[in-house]
Amino acid sequence: MSNLLKQIHSLRDIRSMSLASLGELAREIRHELIKTVANNGGHLAPNLGVVELTLALHRVFNSPVDKIIWDVGHQCYVHKLLTGRKDEFGTLRQFGGICGFPRPSESIHDAFGTGHSSTSISAALGMAIARDLKGENHSVVAVIGDGAMTGGMAFEALNHAGHLKKNLIVVLNDNEMSIAQNVGAMSGYLTRLRTDPMYSRGKEEIEQLLRRIPIGSTLLKFGERLKDSLKHLVVPGMLFEELGFTYLGPVDGHDLKAVTTILNQARNQKGPVLVHVLTKKGKGYRPAEENPDRFHGVGPFNPATGEVIKNSSAPSYSEVFGRTLTRLAQQDQSILAITAAMTSGTGLNSFARLFPGRFFDVGIAEQHAVTLAAGLAKEGYHPVVTIYSTFLQRAYDQILHDVCLQNLPVTFAIDRAGLVGEDGATHHGLFDYAYLRHIPNMVIMAPRDENELQHMLATAVQHPGPAAVRYPRGTATGCKMDEELKTLPVGQALVLRKGRDLTLLAVGSMVRLAEEVATVLASSGIDAAVINARFVKPLDENCILEYAQQTGRVYTLEEHVLQCGFGSAVMELIHSRGLTGVTVKPFGFPDSFIEHGSTSLLLARYGLTVEQIARSISESFVRKTYPRKLRLAPS
């Protein structure tokens, strides 16, 4: 750790430093960020871009008395370094170490837990209202990126804050990007604020002009109308002013003196204030500056070259999805692709390049993405909505009401399903079966590998109603890929291995694990059947009931929470059919939020490795007499 950074023991040390010393500290912080993220992986480019802004925030405001809320929170690493966690920073995103997102249980300086976009202004307004109700007097600051401003929730909060006139500061960190390049009218508006020389004029010039107008009732009214007209013409940030905010900026976010000055102005201003700060994503590290989207969230890499360290040559599931969808779209003109600011992350770069008129990046607006798809489907198209599992949660009502209620042919490609590793509780995709399975008309599939993924995608786009294909993060298995795409019979499972002692009923990423468990059990003389369910909804009722009757023991395996998941669906089926004498034990994740850590470590922690599952089954196994045939109870 560098010299000045070692001397930071409290935020008072930041406030006592000279601007020159803070500039040197900023360089040391960037070095620490690059070194740590190169080793652990993480969100590098966003954090490199907010070094000076974070220093200025902690120089002006008195955390934790003053509340600083980081939108999304992937840009909080500098904040963590400065608020008592620099000695633990090497454990960033590691199991048992500090989290990559704000976590109030980790530090009193993390004012609000975040991990999803566009929430900070709402939370900050709630805190400002609470402050006033309690008769307290401190600042509340929301730091939100321009990408997060594409989310409708941010505008709902701006609208309410402007109406209430509470003392509230919103810092708009404008780096022209969310993860990839921003899209939409708001992006264009902010670009004009950054670049139009007309916007360099301020309110002072308007006031000077008006002071020259002779005072009189008629002229006074004329002067006020003239003032309003001129403000709309030349004052920057009029959108925010019309929402009830005082607009300050734009200001160079890497100029410590300028940012400190404008934040002090904002702190002393009454009512809601928006501070427009211009930053460069990836600032100070050339590979991240040149490829900010690639270094937004990155795995371990070589800091000297910026090259990401790959452990496998196999493609990612996202890449397989993108290639397959492009192939399907070449054959079917009705297929469209929609994503929410995740073009690269979801593997859609090639699709966007080849079919620009059939590709839509809506920004960080998952609700809009789903209802946009519903509108397209209503007019005869087949949209494929590609969103991470953890973010699709945000569009639950739109899935239910706008798509499934009308039984529209929309495919949901659910990326990052299951564990996502070091991003932790805010990003694990462990709830999608639960929030989709109970919705009428929905079909849910989960592939065992990338070959099955391509067939499931082909099945989904041929299905006349809503269908979801759920697949994991990261590198695929490297299995052999079929050249011809197949359409799977909806709701049909696949028996991979017959057995008479028990049934292993697995779905998605757990199918391969189930096959390995069966091999281990066989070495102990236990004959296990293995079934690849393929469909979480509808279940293959005949296959499941047949094997449940034959073996009397069913073990379900899923990379999902147990509540309302795949195992629950199987138990509901067996109970609804009155099948008595059958033991069902589900393997999955408990009713808790799963912490951050490597996927392999987390699977082991929750008893989901081959050895742990095989041991659990073996210890509870008591051989029964065969042949055996159970009967369905009378209905």
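Laid out as a table, the results:
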| item | result |
| --- | --- |
| Amide H within-cut-off set for Arg577, under 5 Å, with H built and near neighbours excluded | none |
| Nonlocal amide H pairs with Ile414, under 5 Å, H built at 1.01 Å | Val469, Arg470, Tyr471 |
| Amide H contacts under 5 Å for His463, placed H, 5+ residues apart | none |
| Cα centroid separation - the range 82-128 against the range 608-622, whole Å | 38 |
| Cα gyration tensor, the range 250-395 - rounded (a/c under 1.5), prolate or oblate | oblate |
| Projected area averaged over orientations for the range 317-470, convex hull of C-alpha atoms, nm² | 7.9 |
| The range 298-369: GluC sites (Glu not before Pro) falling in loop per DSSP and having at most 11 other Cβ within 10 Å | Glu307 |
| Within straight-line cross-link reach of Lys166, aspartates and glutamates at Cα separation under 17 Å, skipping those fewer than 8 residues along the same chain | Asp66, Asp132, Glu136, Glu156, Glu241, Glu242 |
| Two-decimal Rg/Rh across the range 321-411, once Rg and the Kirkwood Rh are taken from alpha-carbon atoms | 0.94 |
| Phi-based couplings in Hz for the range 593-600 (Karplus 6.51, -1.76, 1.60; Gly and Pro marked x) | 7, 8, 5, 8, x, 5, 4, 4 |
| Set Lys80/Lys310; Lys280/Lys310; Lys283/Lys310; Lys35/Lys257; Lys134/Lys270; Lys80/Lys134 screened for pairs whose C-alpha atoms are more than 21 Å apart | Lys80/Lys310; Lys280/Lys310; Lys283/Lys310; Lys35/Lys257; Lys80/Lys134 |
| Backbone N within the range 425-445 under 16 Å of label point (7 Å from His575 Cα along the Cβ vector) | 438 |
| Pairwise label distance in nanometres, Phe593 with Asn159, each label 7 Å out on the Cα-Cβ vector | 2.8 |
| Estimated vicinal HN-Hα couplings, Hz - the range 362-369 in sequence order (Karplus 6.51, -1.76, 1.60; Gly, Pro = x) | 8, x, 7, 8, 5, 4, 4, 4 |
| Charge context of Pro315, other residues only, Cβ under 9 angstrom, K/R +1, D/E -1 | -1 |
| Crossing angle, helix 152-164 versus the chain [Cα axis fit, 0-90 degrees, rounded to tens] | 40 |
| For the chain, share of DSSP beta bridges that run antiparallel, in % to the nearest 5 | 15 |
| Under 18 Å from Lys480, Cα to Cα: aspartates and glutamates that are on another chain or at least 8 residues apart | Glu319, Asp449, Glu450, Glu452, Glu515 |
| Asn3 versus Tyr435: modelled label distance in nm, points set 7 Å from Cα along the beta carbon direction | 5.1 |
| Computed [θ] at 222 nm, deg cm²/dmol, the chain (DSSP H ≥ 4; -39,500 (n - 2.57); rounded to nearest 500) | -11500 deg cm²/dmol |
| Residue-count net charge about Val410 - beta-carbon cut-off 11 Å; Lys, Arg +1, Asp, Glu -1 | 0 |
| The chain: angle of helix 120-133 to the longest principal axis, Cα-based, in degrees nearest 10 | 60 |
| Helix 51-60 axis, angle to the chain major axis (alpha carbon atoms, nearest 10°) | 60 |
| Burial ranking of peptide ranges 538-546, 384-392 (average Cβ count within 10 Å, highest at the top) | 384-392, 538-546 |
| Surface/4 estimate of mean projected area, convex hull on alpha-carbon atoms of the range 495-620, nm² | 7.4 |
| Cα-centre dipole for the range 1-120 with unit charges at Cβ (Lys and Arg positive, Asp and Glu negative), debye to 20 | 80 |
| Note, ³J(HN,Hα) from phi for the range 571-580, Karplus 6.51, -1.76, 1.60, rounded to Hz, x at Gly and Pro | 5, 4, 4, 5, 5, 5, 8, x, 7, 9 |
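Laboratory data are not the source of any read-out in this text; all were calculated from the coordinates shown. Keep in mind the model is a prediction, meaning the values are calculated, not measured. Here Cβ is always computed from backbone atoms with ideal geometry, including for glycine, and neighbour counts include all displayed protein chains.
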